[in-house]
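Beneath this line is the structure, given in structure tokens, with notes to follow.
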Amino acid sequence: MSPRHWTGGLALAAALAVLIPLASAHGEAADEATEPPSTAAVPLDQLAATSTQVGSGLSRPTAIAAPDDGTQRLFITEKRGTVRVYHPDDGLAEEPLFTIADVVDNSQNERGLLGIATPADFADSQELYLAYTALPDGAVTLARYSLADGSLEPLLSQEHAEYGNHNGGQLAFDADGLLYWGIGDGGGSGDPFDTGQRVDTLLGKILRLDVSTTCGELPYCVPEDNPFVGVEGAREEIWAYGLRNPWRFSFDPADNSLWIGDVGQGQQEEINHLAPNRGGANLGWSCREGSTEYDPEQCPQNPDFTEPVHSYPLTGGNCAVIGGVVYRGEQYADLAEGTYLASDYCGATAIAIRPTADGAYETAEIGEFQTQPTAIAATADGNHLYYVNDLPGGLHRIEFQQAN
């Protein structure tokens with residue numbers, strides 16, 4: 001179920017006019033964060049990551065969430081539409097916490113229940129958020145689920161019927177309680193709908209929503225400082241654009257900066273780092289793939305692209321970047337504090353990135369994970385990182401140590 005081919009396509013009955021605004025015209029473009037929080041961690045060339053399997057028997061796991069409710073639980077989504085629970089003392093519960101399989105289209109390789117996030121008030125509200133491809137036509141859908149009464153409330157949907165891949169699916173709350181949702185470019189190959197550089201569609205975007213309230217007929221509100229608010233013809237939910245398939249992204253809890261793993265076409269995988277609270281970043285697709293030009297016809301005049309902080313070629317068995325998280329816990333603070341850890345679905349390498357004081361980034365491969373990782377997440381207290389892998393469906397705890 002490689003994210004390179006995970007589903008989600010949009011058949012546009014009538015193509016809207018292509019809008020190619022500069023990010024700076026609608027809010028300052030999001031650049032790389034240049035003043036990282038200080039860290040006393042060891043240099044990356046002295047850091048090693050290993051993992052220990054702590055759970056098995058998952059059915060194609062796709063995402064992990066850690067509710068901040070004092071329980072130490074992890075919620076794990078499965079492609080078929082179920083949510084499983086892991087506790088470090090009790091292990092992986094056999095019975096699902098709940099299922100929405102009756103509304104999930106899990107046909108083809110990339111469709112299914114793809115994302116989960118718990119808000120800061122989860123302990124009281126018992127509500128969480130899910131991203132999935134919905135029956136009957138695979139529309140990528142954001143919904144709110146209540147553990148209290150089992151209700152499921154769809155909030156926003158994007159048609160994605162023509163192709164089965166590039167659904168995105170990541171959900172994450174930032175430090176201000178706003179929910180971000182990633183959606184792929186519509187699937188197929190080569191951005192057939194030219195959605196990457198358009199802002200009249202939600203495809204190929206990261207959205208930013210206030211799901212704590214409602215506005216008019218919408219079951220959510222668009223934050224007033226979203227970069228395309230008031231722009232004629234643009235979808236105001238958009239926070240960042242020019243993305244191919246932002247399968248996994250996360251916020252650094254130390255500064256609210258955004259790390260994005262965007263799956264490439266066939267040459268490069270890329271990781272982007274956007275400064276906190278800065279909307280309107282154009283990450284280049286499908287004019288560019290990673291740091292190289294892909295389709296000159298999709299390049300806007302005088303582009304203002306945000307460059308990836310790391311890209312790597314599709315060689316050596318790599319196939320799709322799996323965006324990760326920044327380590328900010330106490331358990332390994334002397335080793336890994338401030339280190340962003342990602343991987344690749346096929347290569348399974350532990351990829352470490354750390355901003356430097358001069359605004360640059362250092363990168364190293366610091367270990368190997370089990371094959372086909374699909375998501376990496378931190379516990380609620382930040383002390384431990386976990387990942388799931390697709391087949392054979394395991395949960396793994398990550399450990400850091402000083403390299404010999």
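None of the figures in this text is laboratory data; all of them are computed from the coordinates on show. It should be emphasised that the depicted structure is a prediction, and the values quoted were computed from it without experimental measurement. So basically every Cβ, Gly included, is an ideal-geometry build from the backbone, and we count neighbours across all protein chains shown.
Name the longest site-free stretch of the chain, where the excluded sites are GluC sites (Glu not before Pro) in a DSSP loop with no more than 11 other beta-carbon atoms within 10 Å. Mind dumping the intermediate values first?
On the way: sites that count: GLU94, GLU217, GLU224, GLU232, GLU330.
Answer from the scan: 95-216.
Would you grab the residues whose amide H sits under 5 Å from the one on ASP344? Only those 5+ places off in sequence or on another chain, please, with H modelled 1.01 Å from N.
ILE322, THR349
Across the range 94-109, in residue order, what do the Karplus-derived ³J(HN,Hα) couplings come to in whole Hz, using 6.51 cos²θ - 1.76 cosθ + 1.60 with θ = phi - 60° and x for Gly and Pro?
After applying 6.51 cos²θ - 1.76 cosθ + 1.60, I find 5, 8, x, 5, 6, 9, 10, 4, 6, 10, 9, 8, 10, 6, 6, 6 Hz.
Looking at the range 151-208 from every direction and averaging, what is the projected area of its Cα convex hull in nm²? Before the final figure, lay out each step's value.
Details: hull surface 19.9 nm².
Mean shadow area of the hull around the Cα atoms is 5.0 nm².
Counting only Cα, what are the radius of gyration and maximum Cα-Cα distance Dmax of the range 239-383, in Å?
So, for the range 239-383, Rg and Dmax equal 15.1, 49 Å respectively.
Between the alpha-carbon centers of the range 115-157 and the range 299-374, tell me the distance in whole angstrom.
First find each Cα centre; the distance between them is then 28 Å.
For the range 289-306, just list the computed ³J(HN,Hα) in residue order, Karplus coefficients 6.51, -1.76 and 1.60, θ = phi - 60°, integers in Hz, with x standing in for Gly and Pro.
10, x, 9, 10, 6, 10, 10, x, 5, 9, 8, x, 6, 6, x, 10, 7, 8
If only Cα atoms are counted, what is the Rg of the range 289-331, and what is its Dmax, in Å?
In order Rg, Dmax, the Cα atoms of the range 289-331 give 15.4, 49 Å.
Restricting to DSSP H runs of at least four residues, report the calculated mean residue ellipticity at 222 nm for the chain, -39500 (n - 2.57) per run over all residues, nearest 500 deg cm²/dmol.
Working: 2 runs with 8 residues, N = 404.
Helices in the chain give a 222 nm mean residue ellipticity of -500 deg cm²/dmol.
In whole Å, what is the distance between the alpha-carbon centres of the range 43-109 and the range 207-274?
24
Given H placed 1.01 Å from N in the peptide plane, which residues other than close sequence neighbours of GLU362 have an amide H under 5 Å from its amide H?
ARG354, THR356
For ALA375, list long-range residues whose amide hydrogen, built 1.01 Å from N in the peptide plane, is under 5 Å from its own amide hydrogen.
VAL388
Springs between alpha-carbon atoms under 10 Å, Gaussian network over the chain: tell me which of GLN108, GLN170, GLN370 tops the mean-square fluctuations.
GLN108
Pop out the ³J(HN,Hα) list for the range 234-241 in order, Karplus 6.51 cos²θ - 1.76 cosθ + 1.60 with θ = phi - 60°, rounded to Hz; leave Gly and Pro as x.
Values, residue by residue: 9, 7, 6, 6, 5, 10, 9, 9 Hz.
I need to check one value: relative contact order of the chain, counting alpha carbon pairs closer than 8 Å and at least 6 residues apart, in percent. Kindly include the intermediate steps, with their values, before the conclusion.
Working: 1229 pairs, mean separation 86.4, N = 404.
Computed over the chain, the figure is 21 percent.
Could you give the radius of gyration (one decimal) and Dmax (whole number) of the Cα atoms in the range 266-343, in Å?
That works out to 15.4, 49 Å for Rg and Dmax.
Taking the Cα centre of the range 167-227 as the origin and placing charges on Cβ (Lys, Arg +1; Asp, Glu -1), which of GLY186, LEU207, GLN197 is farthest toward the positive end of the dipole?
GLY186
From the list (1) 58, 25, 17; (2) 29, 25, 20; (3) 33, 27, 18, can you say which value of semi-axes √(5λ) of the Cα gyration tensor in Å was derived from the structure given?
Given (1) 58, 25, 17; (2) 29, 25, 20; (3) 33, 27, 18, the structure-derived one carries the label (2).
Let me know the charge dipole size of the chain about its Cα centre in debye, to the nearest 20, where only the beta-carbon of Lys, Arg (+1) and Asp, Glu (-1) is charged.
Details: 19 positive and 58 negative charges, 180 e Å.
With Lys and Arg at +1 and Asp and Glu at -1, about 860 debye.
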